1. Within the range 54-74, which residues are out of contact with any helix residue (DSSP H, G or I) (no Cβ under 8 Å at 6 or more places or on another chain) and at pLDDT 95 or above?
2. Give the residues of the range 137-168 that are in a loop (DSSP other than H, G, I, E, B), out of contact with any helix residue (DSSP H, G or I) (no Cβ under 6 Å at 6 or more places or on another chain) and of a type outside the set (S, T, N, Q), sorted by residue number.
3. Pick from Ala117, Ala123: which is touching a helix residue (DSSP H, G or I) at 6+ places or on another chain (Cβ under 6 Å), at pLDDT 95 or above and among the small types (Gly, Ala, Ser)?
4. Would you check if Ala82 is buried (at least 24 other Cβ atoms within 10 Å of the Cβ) and either at positive phi or not in a loop (DSSP other than H, G, I, E, B) (or both)?
5. List, please: which pairs have Cβ atoms under 6 Å, are six or more places apart or on different chains, and start with a residue in the range 110-133 that is in contact (Cβ under 8 Å) with a residue 60 or more places away in the chain and farther than 17 Å from Ala216 by Cα and end with one that is assigned to a helix (DSSP H, G or I) and polar (S, T, N, Q)?
6. State the number of residues belonging to the range 85-98 that are free of Cβ contacts under 8 Å to residues at least 12 places away in the same chain and assigned to a loop (DSSP other than H, G, I, E, B).
7. Considering only the range 1-53, state which residues are assigned to a strand (DSSP E or B) and modelled with pLDDT of 95 or more.
Amino acid sequence: MPELAGAVWPRVPEAALLVVPLGSVEQHGHHLPMGTDTAVAAAVARAALPDLDGALLAPALPYGASGEHEGFPGTVSIGTEALTTVLVELGRSAGRWAGRVLVVNGHGGNLEALRTAVPLLRAEGRDVAWFACGAPGGDAHAGRTETSLMLHVEPGEVRAADAVAGETAPMAVMLPRLRAEGVRAVSPTGVLGDPAGASAAEGAELLAAITRRLVAAVTEWRVDPAGRLG
């Protein structure tokens, strides 16, 4: 498996595609670990790598913009401004040798930084894009979708016996208060959704579907004005 951390410079592929998982350190209810978003992004990137010619998997970036979760102990957020700077400088540095840089994002709170950093890098002439690991129709946070993914990706980290439901209203209904007051004001459990019914089998299907989307998106490499691939 071609991974940047274990590579030696003479064997770095020419004009490589550098794949960078991006996650967060934030609460995921009573039952999922703080590193859930990072674990999912890394799993998607790793699963796609065999089908991406000349790709290298970079070490994951585990910190993101998670201010909405700071009402819960354990959350560590570097904020949008700092994350934007990290992404810009990463892209500039990697762009000296990589042909393309793809950020595989596992946390919705990182989107503002990605939408700022990646278009800037592209305007500077660097072929950078980002891909979102979302599952169409999935719940928002620590519900059935993420729980299923984690039961497949890191089953030993899931405390299934401690799982409780959270706020299940549509995101459009929750969003204004979520932005103004944070997740804890909307859902005291920290969950936006319901983990009931989650399974490793469903997680395997979700991971495979997201991976297929990623591989297809890289093959076409159509980047929208916000820097998003796919």
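1. If the condition is that a residue be out of contact with any helix residue (DSSP H, G or I) (no Cβ under 8 Å at 6 or more places or on another chain) and at pLDDT 95 or above, then Pro73, Gly74 are the ones that fit.
2. Scanning the range 137-168 gives Gly137, Ala142, Gly143, Arg159, Ala163, Val164, Ala165, Gly166.
3. Among Ala117, Ala123, only Ala117 is touching a helix residue (DSSP H, G or I) at 6+ places or on another chain (Cβ under 6 Å), at pLDDT 95 or above and among the small types (Gly, Ala, Ser).
4. The answer is no for Ala82.
5. What qualifies is Ala117/Thr84.
6. Of the residues in that region, 1 qualify.
7. Residues satisfying the conditions are Leu17, Leu18, Val19, Val20, Pro21, Leu22, Val25, His28, His30, Leu32.
Every residue, every condition in (1) of a type outside the set (Ser, Thr, Tyr); (2) surrounded by fewer than 13 Cβ atoms within 10 Å (Cβ to Cβ); (3) without any contact (Cβ under 8 Å) to a residue 12 or more places away in the chain, yes or no:
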position	(1), (2), (3)
Leu149	yes, no, no
Pro155	yes, yes, no
Asp162	yes, yes, no
Ala165	yes, no, no
Leu178	yes, no, no
Val186	yes, no, no
Leu207	yes, no, no
Thr219	no, yes, yes
Gly230	yes, no, no
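The values are calculated or read from the model by the stated rules, or taken from the named source; none is laboratory data. Remember, predicted model here, so these are calculated numbers, not experimental data. Quick reminder, even Gly has a Cβ in these numbers, built from the backbone with ideal geometry, and neighbours come from all protein chains shown.
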